[in-house]
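Presented below is the structure to which this report refers.
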There are 2 protein chains.
Amino acid sequence: MTRFMDVHHGMEGITADQLREAHEADLAIEKDEKVHFERAWADPESGTVYCLSEAPSAEAVQRVHERAGHKADEIHAVPLSV
Amino acid sequence: MTRFMDVHHGMEGITADQLREAHEADLAIEKDEKVHFERAWADPESGTVYCLSEAPSAEAVQRVHERAGHKADEIHAVPLSV
């Protein structure tokens with residue numbers, strides 16, 4: 001398993017409720033892909049959302065996000081952390 | 001206090017030791033700006049580093065990073081999180 005940070009653009013005006021609903025939509029199906037979405041952070045002003053996950057691959061992360069209705073614009077493996 | 005996600009590009013090949021040293025350089029001086037750097041994640045392949053902090057302003061985050069020798073390329077307030 002590898003840790004990933006994925007980024008969504010174009011989410012200007014996202015609310016706390018929308019962020020929570022999107023995260024819950026991921027959590028509801030993540031096991032199908034052996035992914036776990038740990039946390040997410042949103043900047044409503046620039047419309048940027050960051051999601052931190054553990055997953056077998058970037059493709060698995062993207063499949064969950066696509067099925068949940070919010071495809072990621074960037075997905076980076078982040079094997080290093082402090 | 002607001003939570004911020006800042007992003008550094010051009011860090012291709014960064015090692016675990018370099019990430020830890022950079023984070024420790026931030027921690028050593030962050031109190032001067034009332035900033036706290038919580039975590040950081042790095043993708044050595046694309047050269048991207050993400051830092052999560054709590055701070056009074058984006059400018060305070062940047063001042064710490066600049067004094068520590070690694071200016072951020074992007075700083076986003078992320079007031080929403082799950």
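A few comments on the model shown:
- Amide H partners (placed H, <5 Å) of B:Arg39, local residues excluded: B:Leu52
- Chains B and A together bury roughly 2200 Å² of accessible surface, counting both sides and using a 1.4 Å probe on protein heavy atoms.
- Environment charge at B:Glu30 (Cβ cut-off 12 Å; Lys +1, Arg +1, Asp -1, Glu -1): -2
- Accessible area expressed per residue, segment A:2-77, with surrounding protein chains retained (probe 1.4 Å, Å²): 47 Å²
- Within the shell defined by Cβ-Cβ distances under 12 Å, the residues around B:Glu12 carry a net charge of -2, with Lys and Arg each +1 and Asp and Glu each -1.
- Whole-percent carbon and sulfur share, accessible surface of segment B:24-82, 1.4 Å: 47 percent
- Shown for the protein assembly as shown: lysine pairs separated by 8 or more places, or found on different chains, whose C-alpha atoms are under 20 Å apart, numbering 4.
- Nearest-0.05 FRET efficiency for B:Gln18 and B:Ser57, computed from C-beta distance (R0 25 Å): 0.40
- Interface residues in segment B:1-38 - accessible area drops by 50 Å² or more relative to the isolated chain, probe 1.4 Å: B:Met5
- Summarising the rotation from chain A to chain B, the nearest chain A beta-carbon to the axis and its distance in Å are given as A:Tyr50, 4.
- Taking amide hydrogens as placed 1.01 Å from N in the peptide plane, the amide H of B:Glu74 sits under 5 Å from those of B:Val7, each at least 5 positions away in sequence or on another chain.
- Shielding by other protein chains, A:62-71, mean Cβ within 10 Å: 0
- Entry note, the protein assembly as shown: the mean residue ellipticity at 222 nm calculated from DSSP H runs of n ≥ 4, each adding -39500 (n - 2.57), is -9000 deg cm²/dmol after division by the residues and rounding to the nearest 500.
- Normalised by the number of residues in chain B, the mean separation of alpha-carbon contacts (under 8 Å, six or more apart) gives a relative contact order of 45 percent.
The values are calculated or read from the model by the stated rules, or taken from the named source; none is laboratory data. This is a predicted model, so every value here is computed, not measured. Cβ: placed from backbone, ideal geometry, glycine included. Neighbour counts: every protein chain shown. Surface areas here come from the heavy atoms of the whole protein model, side chains and all, with no ligands, DNA or RNA. Shrake-Rupley method; radii C 1.70, N 1.55, O 1.52, S 1.80 Å.
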